[in-house]
Amino acid sequence: MLKKGPILSKKPLRRQFATTTRFADSRMTQKFTDEKLHFNYEETVIKLNNYYGTVKRQILRHQSPTTGLFPCNLADASSKEAHVRDSVYCAACLWALSQAYRRIDDDKGRTYELSQSAVKCMRGILSCWIRQSDKLEKFKHHQIPKNALHSKFHLDTGDSLYDNEEYEHLQIDCIALYILFLIQMIQSGLQIIFTTDEVNFIQNLVFYVERAYRTPDYGMWERGTKYNNGSSELHASSLGFAKAALEAINGISLYGGVALSSIGHAKAALESINGDNLFGVNGARWSNTDASLLPTISWPAFAIHEEALVKKTHEKILRKLKGKYGLKRFLRDGHGTVLEDTSRKYYKSAEIKTFDGVECEWPIFIIYLLIDSIFRGDQEKVKEYQEQLQPLLKETKNGDIVVPKYYYIPSDCIDEEKACPGSQTKIASSEGRNENLFLWGQSVYIISQLLANGLLSPRELDLIGRHLPAHKRPRTNARYSSFQSSPTDLVIQCALISESVRLQQMLATYGIQSQTPHQIEPYQIWPPGQLVKAYEQLGVNSKLGLSGRPPRPFGGLGSAKIYRASGRTFLCYPLIFEISDFYLSQDMQVLIDDVKTDLTFLSKCWKLAGRPTFCMIIREDNMKSPDSKRIFDLLANFKRGDIDNLKIRIGRLQEFISSSCIEHLDFLTIDANDKSVFKHFQEKDYGQSLKSLTNIPRFSKFDEAEAWVEESELQSRPSWDLMKMLQELDNLFVQSQILHILLKREGLYYKLDSFTVEEWLQNVCHKAGTHQIWAVVRLCSAMLQKMVDSLAPSITAILVRGKQITVGLFNKEEEVIDKPLIPAEIKNILYSKCYPYDLTQTVLQQELIIYIAQLLSSEAVLFEGMLKLRIGWIIKAMQLELNYSSAEGKRISVNSLPPSEIKSLLYGVVKKLSPEDDYRSVIWNRQLDGALNRVPKDFYDKVWFLLEKTPGGIKVAGYHLPQQPTLSDMTRYEWNFSLLVEQMLSKIVEPAYRQMIVEEFMIVATILQRNSELSFQEIVNLDRILQEAILLFAKEKGAENKEEMENMKDFYNTPPNVKRGTTGYIARAVISQLLNGEVLTSQSQCAIS
């Protein structure tokens, strides 16, 4: 019988660890394994048998004999609820003890009993999910809560207990946790997956979790946001667990052997969650930080391996959440408190303020910290957390140790605790009474004690080496690509492929060696769409109704590998070289920038064994462009072997195979040589040889002097007359205008001289692109309702970096995009918000979203202080920059610029200039910052402070931000408060005025901070204060009439922090409000400093 809980030896642990760093090396875990030999055999048997008795009484006795699942609510004897997460941890506990039993010879069959009990549980969960294959298939294509696999099932039947409206089933970390332990158990030798159907289902689970980076879910606590109002949220814990699960399953045989038909494939999915850069410190945007990150950054997930990020996250969790009795799940968590109304599913508005300072503390997180310390090899922390844990545990009548679920403040101590945090004694929850147990906590506790007592080594608990950096993990299958550490001196192999022999010959005259598709045989070049088609075969199962991998494009990492299938070896060229329906590819500088971006991405994110191979397709159309010289400059840099300090090696593809990263597509059920299914890149036969660049037929630069005509002149003409004009005119500007009118009158499929309006538009659009007339290109593209392929991923890339997007025109109705959307939804928003007011902005705004996503990934610092990216306002900022920069009398429209210049202009607008380099006027800068919605550092903190000092709230542009329930509902640094402030500022319609209001916020807050005895009594009307400051300014400047008094331009153009600057006038206006009695003072005298 287990006495007094953990079987801790009274003797100090004998292990001396080599280092206390996060991941010392594999020698640390090896030391654990070796030292088992030094344990007294009889003592080990006694300890294991004691743990076996505990597991039988506390865990196994609750396992369902039919499904193998475990109950999640033992407090209610009649409850038949089984949660997947609790069941997986129970299975992990059984498996961990079976691993420990492998150390002894005569285990009396307990190794087998325990391991098979774990297998029964894992297969039980699998069986429940397989019955929901239809949901899995739907979720792969549309990630919404109603399509989610269920997280709770009936304990004995495996049936669904609640539908998706009754319970928040969408918990991606739960699915990922299952995959993670499934792989750990399989690697230990357990056979859990029996059939090809099950292999296919698990493969589809990979597709389920691969969208974690863009799928708001309800998280580990099943509540979504902390407001507990039914809303889902992006959770770093879900993302981290998904990343860990995908890394774990990749290349692993699910049968436990080396059967190629059972290999799990997740490398393509991992491209979506590439690197640790998407995994932030916060548990969710709303909660500041979250204890769910502990099992994410340490056991069992070990999702990140950047020491600085791990340390930062770890320290923040402890600083914000740790208490005497464990850790809070998150700040203002009402679960388990006596103040929570359990009769209601959701909280009322501002109710979470009630729980501030009285949150329950959970001992389970001390156990996670203990396990983490053992993996770290930090003996002092192991001892520290064991000592912290001991007084928190309960003991049953028979001596078994019980882990309370949480500790709470009793009702008669709530006021005292709020008045003096940490002063009151918390009471343990009911675990230990009436056979009630918190099985999740109990399971993790037993695992921790097996580790702490040397009965189980970290390497035996983590067979796939999740706790080690990628390059130190055991490689289970050399047939598939594997992870390694980031190379310190990466060389990118580049194969130049000419689409024709004559293009190859022409390039050779300039010393640029390339190959044609014929010359690389038997190797092939595949378009990216063909690789997508091949991966659609992965996981297909008609019996389960599973279609396999959704047809999503591959990123730069996927196209940098060599593939083998059906005896063929092929390379896939990047998506940027695919001939696109969208017009961006017609700008050669955009193509060149995309090449450089892809190469930079490869250099930063390549962590696979072998070198990346970049396949560059060179087409004759590239050389016909007026900007073809830029292509030659790029190729010349390739030849020199250096592009933006990246090492490039060009050569024959055949030379690169041996040093490349090879991926085998063993899952293909269709012959890769079947030309009716897979079409590789074909060599073009253009006939005659071109000796040099001068022999290539060139596109002439179109004369852009031709202008648009007044649309009213065309509107008055009948359709037949417009058709005649269309056929007679060569003016592309006027042709596009005529087609716009005909489109509105007659529709897209109206026939004009045997061609439809749509065909005419396609022709004019292509011709305008050839001649670089971008205003016409954009107008025609908008009329054709074209969409750029990578728009949805770009929006997601922006959102996961903590930004929001609004689509719509400047000073028109906007729509906020705060969650990832499918392309059809994005198209609907764009064409409903932009099309009625400015047709061309439907495509121009797409360009901006693409460029913003690229800049955020490469230079995120450019967007500091810009929480909400309002695309229409950013275009306004770019137009302002053009207006100020252009020669007097020459007006250039943003819409007429080439895409590459749009990107350069965007960069110039968002880049902050240093004071010595700033050539802009004061009003120019204010208009830009206002249009960009940029705010200074600590701005939202200042607004919070001001709101604390204003019981009546703050008013700007007619929008009232009340003090309550804002302060009750939110915390100072949370993301949602910042969004609320942005919502208030969005009511301002003029950029420079918006910036003045932002400056005013900072000034008023600073005055109140320096004079703590001051506070506003009534609503603070910042518009009125600013108007008074402008009047003070105007009077001192000698304004004589009302028009001069209300002229804001001179005020806007006045520097802030100079003598007679705007800061002084605003401060005087605040003092004036004070003298008028609108400011309360706590003392009879005060000072404004």
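Among the residues of region 454-463, is there at least one that is under 27 Å from residue 75 (Cα atoms) and assigned by the TED database to the domain that holds residue 370?
no
Name the residue that is farthest from residue 340 (Cα to Cα), counting only residues in region 193-244 that are β-branched (Val, Ile, Thr) and assigned to a helix (DSSP H, G or I).
196
Looking at region 94-105, is at least one residue out of contact with any Gly (no Cβ under 9 Å at 6 or more places or on another chain), surrounded by fewer than 18 Cβ atoms within 10 Å (Cβ to Cβ) and assigned to a helix (DSSP H, G or I)?
no
Taking the criterion of being touching a strand residue (DSSP E or B) at 6+ places or on another chain (Cβ under 9 Å) and aromatic (Phe, Trp, Tyr), would at least one residue in region 363-374 satisfy it?
yes
Considering region 794-823 alone, what residues qualify as being buried (at least 21 other Cβ atoms within 10 Å of the Cβ), touching a strand residue (DSSP E or B) at 6+ places or on another chain (Cβ under 9 Å) and at pLDDT below 90?
799
Mind checking whether some residue in region 950-965 is assigned to a helix (DSSP H, G or I) and open to solvent by 40 Å² or more (accessible area, probe 1.4 Å)?
Looking for residues that are assigned to a helix (DSSP H, G or I) and open to solvent by 40 Å² or more (accessible area, probe 1.4 Å), one finds none in region 950-965, hence no.
Of a type in the set (Gly, Ala, Ser), assigned by the TED database to the domain that holds residue 186 and surrounded by fewer than 16 Cβ atoms within 10 Å (Cβ to Cβ): is that true of residue 160 in this structure?
Against the criterion (of a type in the set (Gly, Ala, Ser), assigned by the TED database to the domain that holds residue 186 and surrounded by fewer than 16 Cβ atoms within 10 Å (Cβ to Cβ)), residue 160 does not qualify.
Anything in region 833-852 that is part of a helix (DSSP H, G or I) and over 12 Å from residue 907 (Cα atoms)? List them, or say none.
Scanning region 833-852 gives 833, 841, 842, 843, 844, 845, 846, 847, 849, 850.
Kindly indicate which of 135, 146 is in the same structural domain as residue 57 (by the TED database), free of Cβ contacts under 8 Å to residues at least 24 places away in the same chain, assigned to a helix (DSSP H, G or I) and crowded, with 17+ Cβ neighbours inside 10 Å.
Being in the same structural domain as residue 57 (by the TED database), free of Cβ contacts under 8 Å to residues at least 24 places away in the same chain, assigned to a helix (DSSP H, G or I) and crowded, with 17+ Cβ neighbours inside 10 Å holds for just one of 135, 146, which is 135.
List every residue pair whose Cβ atoms lie under 9 Å apart, where the two residues are 6 or more positions apart in sequence or sit on different chains, the first residue falls within region 710-731 and is in the same structural domain as residue 774 (by the TED database), and the second residue, located anywhere, is open to solvent by 90 Å² or more (accessible area, probe 1.4 Å) and of a type in the set (S, T, N, Q).
Matching pairs, first to second residue: none at all.
Inspect all residues belonging to region 996-1015 and state whether any of them is under 30 Å from the mean Cα position of the chain (by Cα) and closer than 23 Å to residue 932 by Cβ.
Scanning region 996-1015, I find at least one residue that is under 30 Å from the mean Cα position of the chain (by Cα) and closer than 23 Å to residue 932 by Cβ, so the answer is yes.
Considering each residue of region 305-326, count those that are surrounded by 13 or more Cβ atoms within 10 Å (Cβ to Cβ) and not in a helix (DSSP H, G or I), and give that number.
Going through region 305-326 one residue at a time, the tally reaches 6.
Kindly list, by first and then second residue, each pair from a residue in region 380-391 that is farther than 15 Å from residue 451 by Cβ to a residue that is loosely packed, with under 15 Cβ neighbours inside 10 Å and not basic (Lys, Arg), limited to pairs with Cβ atoms under 9 Å and residues at least 6 apart or on different chains.
380/20; 390/8
Just for region 647-684: of the residues that are under 26 Å from residue 509 (Cα atoms) and touching a Ser or Thr at 6+ places or on another chain (Cβ under 7 Å), which one is surrounded by the most Cβ atoms within 10 Å (Cβ to Cβ)?
656
Considering region 259-312 alone, what residues qualify as being at pLDDT 55 or above, under 27 Å from residue 364 (Cβ atoms) and touching a strand residue (DSSP E or B) at 6+ places or on another chain (Cβ under 8 Å)?
Within region 259-312, 290, 291, 292, 294 meet the criteria.
Would you mind stating whether residue 826 is under 26 Å from the mean Cα position of the chain (by Cα), modelled with pLDDT of 90 or more and not in a helix (DSSP H, G or I)?
Spelling it out, it is not the case that residue 826 is under 26 Å from the mean Cα position of the chain (by Cα), modelled with pLDDT of 90 or more and not in a helix (DSSP H, G or I).
Touching a residue at least 24 places away in the same chain (Cβ under 8 Å) and in a helix (DSSP H, G or I): does that describe residue 904?
No: the conditions fail for residue 904.
Is it true that residue 1072 is in the same structural domain as residue 1009 (by the TED database), modelled with pLDDT under 85 and out of contact with any Pro (no Cβ under 9 Å at 6 or more places or on another chain)?
yes
Which one is least open to solvent (accessible area, probe 1.4 Å) among residues in region 735-793 that are in contact with an Asp or Glu (Cβ under 7 Å, 6 or more places away or on another chain) and in a helix (DSSP H, G or I)?
Checking each candidate, the answer is 757.
Kindly indicate whether any position in region 157-166 is at pLDDT 95 or above, acidic (Asp, Glu) and in contact with a Leu (Cβ under 9 Å, 6 or more places away or on another chain).
no
Output the number of the condition that residue 161 fails; it satisfies all remaining conditions of (1) of a type in the set (A, V, I, L, M); (2) out of contact with any helix residue (DSSP H, G or I) (no Cβ under 6 Å at 6 or more places or on another chain); (3) closer than 24 Å to residue 263 by Cα.
(3)
Consider region 830-855. How many of its residues are in contact with a strand residue (DSSP E or B) (Cβ under 8 Å, 6 or more places away or on another chain) and β-branched (Val, Ile, Thr)?
Residues in region 830-855 being in contact with a strand residue (DSSP E or B) (Cβ under 8 Å, 6 or more places away or on another chain) and β-branched (Val, Ile, Thr): 2 in total.
Out of 992, 1034, which single residue is touching a Phe, Trp or Tyr at 6+ places or on another chain (Cβ under 8 Å), open to solvent by less than 10 Å² (accessible area, probe 1.4 Å), over 26 Å from residue 933 (Cα atoms) and not aromatic (Phe, Trp, Tyr)?
1034
Of all residues in region 327-354, which are of a type in the set (Lys, Arg), surrounded by 19 or more Cβ atoms within 10 Å (Cβ to Cβ) and under 14 Å from residue 223 (Cα atoms)?
329, 332
The values are calculated or read from the model by the stated rules, or taken from the named source; none is laboratory data. Because the structure is a prediction, the values reported are computed rather than measured. Neighbour counts run over all protein chains shown; Cβ positions are idealised from the backbone, glycine included. Calculation scope for accessible area: heavy atoms of the full protein, side chains included, ligands and nucleic acids excluded. Shrake-Rupley method; radii C 1.70, N 1.55, O 1.52, S 1.80 Å.
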